[in-house]
1. How many residues, within segment 131-160, are among the β-branched types (V, I, T), closer than 9 Å to T101 by Cβ and not in a strand (DSSP E or B)?
2. Report yes if S85 is in a helix (DSSP H, G or I), of a type in the set (S, T, N, Q), touching a helix residue (DSSP H, G or I) at 6+ places or on another chain (Cβ under 9 Å) and not assigned by TED's automatic domain parsing to the domain that holds N228, otherwise no.
3. With respect to I371, is the statement that it is at pLDDT below 95, under 36 Å from the mean Cα position of the chain (by Cα) and surrounded by 13 or more Cβ atoms within 10 Å (Cβ to Cβ) true?
4. Is it the case that some residue within segment 274-283 is surrounded by fewer than 17 Cβ atoms within 10 Å (Cβ to Cβ) and farther than 25 Å from V312 by Cα?
5. Within the group S186, S181, which residue is in contact (Cβ under 8 Å) with a residue 40 or more places away in the chain, closer than 30 Å to L26 by Cα, part of a loop (DSSP other than H, G, I, E, B) and touching a helix residue (DSSP H, G or I) at 6+ places or on another chain (Cβ under 9 Å)?
6. Looking at (1) among the small types (G, A, S); (2) part of a loop (DSSP other than H, G, I, E, B); (3) not assigned by TED's automatic domain parsing to the domain that holds T14, which is the only condition S98 fails?
7. Any idea which residue in segment 194-220 is nearest to the chain's Cα centre (by Cα), counting only those that are among the acidic types (D, E) and buried (at least 19 other Cβ atoms within 10 Å of the Cβ)?
Amino acid sequence: MNRVILIKYGELTTKKGNRSFFVNTLKKNILNKLKNYNIRIDSDLSRMYIYFEDKDIDNILKIINNIFGIHMYHIAYICDTNIYSIYDVSLNAIKDFSFNTFKVETKRSDKSFLYDSLTFSKMLGAHILKNIDNIKVDVHNPDLLVHIEIRKEKSYVYFNSYDGIGGYPVGTQPRALLMLSGGIDSPVAGYLSLKRGIKIDAVYFEAIPHTSLDARNKVISLVKKLVNYTDCINLHIINFTHIQEEIYKNCDDNYVITIMRRMMYRIMDLLCKKNKAYAIINGESIGQVASQTLHSMYVINSVTNMPVIRPVACLDKLEIIKIAKKIDTYDISILPYEDCCTVFVPKHPVINPSIERAASMEKEILYDTMIKEAVNNVYTIKITDCYDDIEDLKKLL
């Protein structure tokens with residue numbers, strides 16, 4: 001019997017006049033992710049059907065589970081839209097299951113079909129009872145639920161339901177730049193942004209020799225995890241050494257983190273314009289550290305007019321860690337390699353900074369030239385899902 005992966009869209013169905021754009025983007029993303037397999041995809045505004053070779057099903061399902069825009073999917077048996085074909089396919093398929101009770105649920109999208117949903121469910125249930133011994137119907141708590149979808153061209157029988165990861169297909173929103181530090185929070189922020197359809201690139205600030213190549217490779221490993229949910233991510237590496245040293249040389253110790261973040265935001269602003277990105281994304285969580293109090297966010301944010309998205313702003317640390325473990329970034333994030341934001345943390349960073357005070361200290365630094373130099377000399381690595389081993393990426397450095 002022929003099978004198909006039947007995809008249901010979920011949140012995409014809330015889109016009305018532009019639903020086709022979301023469906024077509026999802027179809028393009030699936031085709032890209034499954035480019036190494038012999039598949040065919042048919043779609044309409046309510047369903048998508050992936051035709052596959054049986055030998056590839058396990059690998060295909062692993063990939064499907066990481067594609068945003070899929071609310072639910074089923075492995076369904078295909079039959080012609082007539083009573084006898086549905087009877088035959090249902091009866092042959094159901095024999096692969098061990099059960100004592102069952103229930104039939106029919107959804108009739110093709111209103112020209114002779115019987116309504118409830119009537120046909122009873123008819124098919126009676127046919128199953130007649131042909132299989134020692135079973136009975138239980139409409140409340142069945143061992144096996146038999147789903148029938150009756151559609152114009154073909155009908156489908158399935159017994160399983162698998163949750164997708166939901167959200168919107170990546171690419172239904174334009175590009176944004178993720179500040180990827182190497183900690184726990186920013187990869188989670190990247191994942192949640194991808195879930196809303198945002199196409200992301202990542203920006204990593206390094207200050208060699210104060211930070212190490214191991215820290216850089218750690219960030220590359222994190223990007224490789226995020227690429228599981230999209231097609232490719234450009235990682236922009238910024239040399240922040242000179243700027244960071246000037247900050248520590250010329251600014252009050254308790255303000256260095258605030259001013260360092262302001263410099264980063266200025267760089268992010270220029271990078272967004274250079275890369276046609278429409279927002280800055282970061283892993284800030286309100287109150288988690290000194291630079292993430294509302295006072296600090298206000299002062300730091302004031303140097304850019306670019307929208308700043310903080311997907312984990314209202315999550316606590318345990319909630320963030322739970323997502324990090326789910327997307328397999330946690331063990332990488334806790335590797336003991338320091339980044340720019342942790343290598344020179346002052347003993348008592350200010351939690352209620354003043355814009356005027358920060359701006360006054362910044363006058364001691366000729367940062368305009370240094371910022372432009374950092375942006376002009378950005379080092380970019382394009383990371384795609386075609387790399388099977390992180391060592392392949394390290395060879396690019």
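1. Total meeting the criteria: 1.
2. Taking the combined requirement at face value, the residue does not satisfy it.
3. No: the conditions fail for I371.
4. Checked segment 274-283: at least one residue is surrounded by fewer than 17 Cβ atoms within 10 Å (Cβ to Cβ) and farther than 25 Å from V312 by Cα.
5. S181 is the lone residue from the list that is in contact (Cβ under 8 Å) with a residue 40 or more places away in the chain, closer than 30 Å to L26 by Cα, part of a loop (DSSP other than H, G, I, E, B) and touching a helix residue (DSSP H, G or I) at 6+ places or on another chain (Cβ under 9 Å).
6. The failed condition is (3).
7. Checked segment 194-220; the qualifying residue nearest to the chain's Cα centre (by Cα) is D201.
Matching residues to (1) polar (S, T, N, Q); (2) at pLDDT below 95; (3) on the phi > 0 side of the Ramachandran plot:
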site	(1), (2), (3)
S186	yes, no, no
L192	no, no, no
T211	yes, yes, no
K249	no, yes, no
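The values are calculated or read from the model by the stated rules, or taken from the named source; none is laboratory data. Only a predicted model underlies this, so the values are computations on that prediction, with no experimental measurement involved. Neighbour counts are summed over all protein chains in view; Cβ atoms, including those assigned to glycine, are modelled from backbone coordinates with ideal geometry.
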